[in-house]
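Shown next, in structure tokens, is the structure this report addresses.
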Amino acid sequence: MRALVVDDATVIRESMPALMPGIDFVGQYSRVETLLEDRPVADVVVLDLHLVNSTQPSARQGVAAVRMLVDAGYRVCVYSQEERRFVLAACMAAGATGIVSKSAPTAEAQEAFVDAAAGRVVVPQAIIGLIEVLVRRKSLTILSQRQRQVLAGRARGLTYAELSTQLYLSESTLRGYWRDLTTNVSTHLQQTTPAEIERALGLGPGDLLEFWPESPARPR
């Protein structure tokens with residue numbers, strides 16, 4: 001599996017190949033713009049959201065950087081310390097395949113990058129809670145009853161083993177429900193306007209505009 005990493009921290013860019021030997025990091029960049037000039041071939045771009053610093057004050061970052069890469073045909077897995085759930089949801093709305101916290105264990109992060117490279121949606125816990133709210137408020141209605149049960153359990157931090165005991169289903173079956181659920185949610189976020197999300201969450205008009213992409217992600 002070939003990956004590119006975009007991070008303004010040199011130590012992170014240079015240490016990832018050694019920390020994650022299961023991934024072939026074929027390129028390291030501090031700016032999205034430079035990557036897009038080179039157009040290297042890769043299965044996923046591991047992207048930090050915060051790229052502006054004193055040496056590159058005009059670097060494109062955040063949701064805009066996600067959208068640039070997605071529009072260029074790359075799969076993107078956000079790798080960031082960002083914890084604001086609306087920002088993370090906006091990254092998925094912009095087309096990110098996955099989101100991983102930099103505080104996650106290395107092995108867990110590597111597994112998530114591999115999943116994202118294969119097109120499997122990786123959703124952080126912060127967004128799981130947001131998704132459950134959208135379901136309860138009937139903004140997100142495309143989930144099956146089983147998917148809703150799995151979502152409710154995951155939102156409460158239950159493991160697949162615990163859910164298996166509770167729902168009398170195998171862990172592999174539950175993982176299948178979760179894969180389908182996250183794919184549906186990703187599509188929903190990409191196709192839903194910020195105004196619709198605001199109404200569902202009881203936010204004021206325009207509250208999400210500073211986070212949300214200006215237009216829906218292009219179908220891939």
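The values are calculated or read from the model by the stated rules, or taken from the named source; none is laboratory data. Just so it is clear, the model here is predicted, and its values are computed rather than measured. Cβ sites come from the backbone with ideal geometry, for glycine too, and all protein chains shown count toward neighbours.
Observations on the model:
- Residues (in contact (Cβ under 8 Å) with a residue 12 or more places away in the chain, in a helix (DSSP H, G or I) and among the hydrophobic types (A, V, I, L, M, F, W, C)) located in the range 8-22: Ile12, Met16, Leu19
- Only a single criterion out of (1) within 12 Å of the chain's Cα centre (by Cα); (2) not in a loop (DSSP other than H, G, I, E, B) is not satisfied by Gly27, namely (1).
- Flag if Ser103 is in a loop (DSSP other than H, G, I, E, B), out of contact with any strand residue (DSSP E or B) (no Cβ under 9 Å at 6 or more places or on another chain) and touching a residue at least 12 places away in the same chain (Cβ under 8 Å): yes
- Restricting the range 170-202 to residues that are at pLDDT below 85 and not in a helix (DSSP H, G or I) leaves a set whose member that is farthest from Val123 (Cα to Cα) is Gly202.
- Restricting Ala93, Ala117, Ala109 to those that are farther than 24 Å from Ala9 by Cα, touching a residue at least 24 places away in the same chain (Cβ under 8 Å) and out of contact with any Lys or Arg (no Cβ under 6 Å at 6 or more places or on another chain) reduces the list to Ala93.
- For Gly119: the one exception among (1) modelled with pLDDT of 95 or more; (2) assigned to a loop (DSSP other than H, G, I, E, B): (1)
- Search result, residues across the range 91-102 that are buried (at least 23 other Cβ atoms within 10 Å of the Cβ) and not hydroxyl-bearing (Ser, Thr, Tyr): Cys91, Met92, Ala93, Ala94, Gly95, Ala96, Gly98, Ile99
- Among the residues of the range 24-51, those identified as surrounded by fewer than 21 Cβ atoms within 10 Å (Cβ to Cβ) and either touching a His at 6+ places or on another chain (Cβ under 9 Å) or touching a residue at least 40 places away in the same chain (Cβ under 8 Å) (or both) are Ala42, Asp43, His50.
- Counting the residues of the range 123-161 that are touching a helix residue (DSSP H, G or I) at 6+ places or on another chain (Cβ under 7 Å) and either in a helix (DSSP H, G or I) or of a type in the set (Val, Ile, Thr) (or both) gives 24.
- Selection within the range 124-169: residues that are of a type in the set (Gly, Ala, Ser) and exposed (fewer than 12 other Cβ atoms within 10 Å of the Cβ). The member of this set that is modelled with the lowest pLDDT is Gly157.
- Hits in the range 75-95 - residues which are among the hydrophobic types (A, V, I, L, M, F, W, C) and modelled with pLDDT under 95: Phe86, Val87, Leu88, Ala89, Ala90, Cys91, Met92, Ala93, Ala94
- Checking each residue in the range 63-91 for being closer than 13 Å to Glu210 by Cα and either in a loop (DSSP other than H, G, I, E, B) or touching a Phe, Trp or Tyr at 6+ places or on another chain (Cβ under 7 Å) (or both) picks out Val63, Arg84, Phe86, Val87, Ala90.
- Residue within the range 100-114 that is within 17 Å of Arg175 (Cα to Cα), in contact with a helix residue (DSSP H, G or I) (Cβ under 7 Å, 6 or more places away or on another chain) and at pLDDT 85 or above present: no
- Test for Val41: is it modelled with pLDDT of 95 or more, under 20 Å from Asp115 (Cα atoms), among the β-branched types (Val, Ile, Thr) and assigned to a loop (DSSP other than H, G, I, E, B): yes
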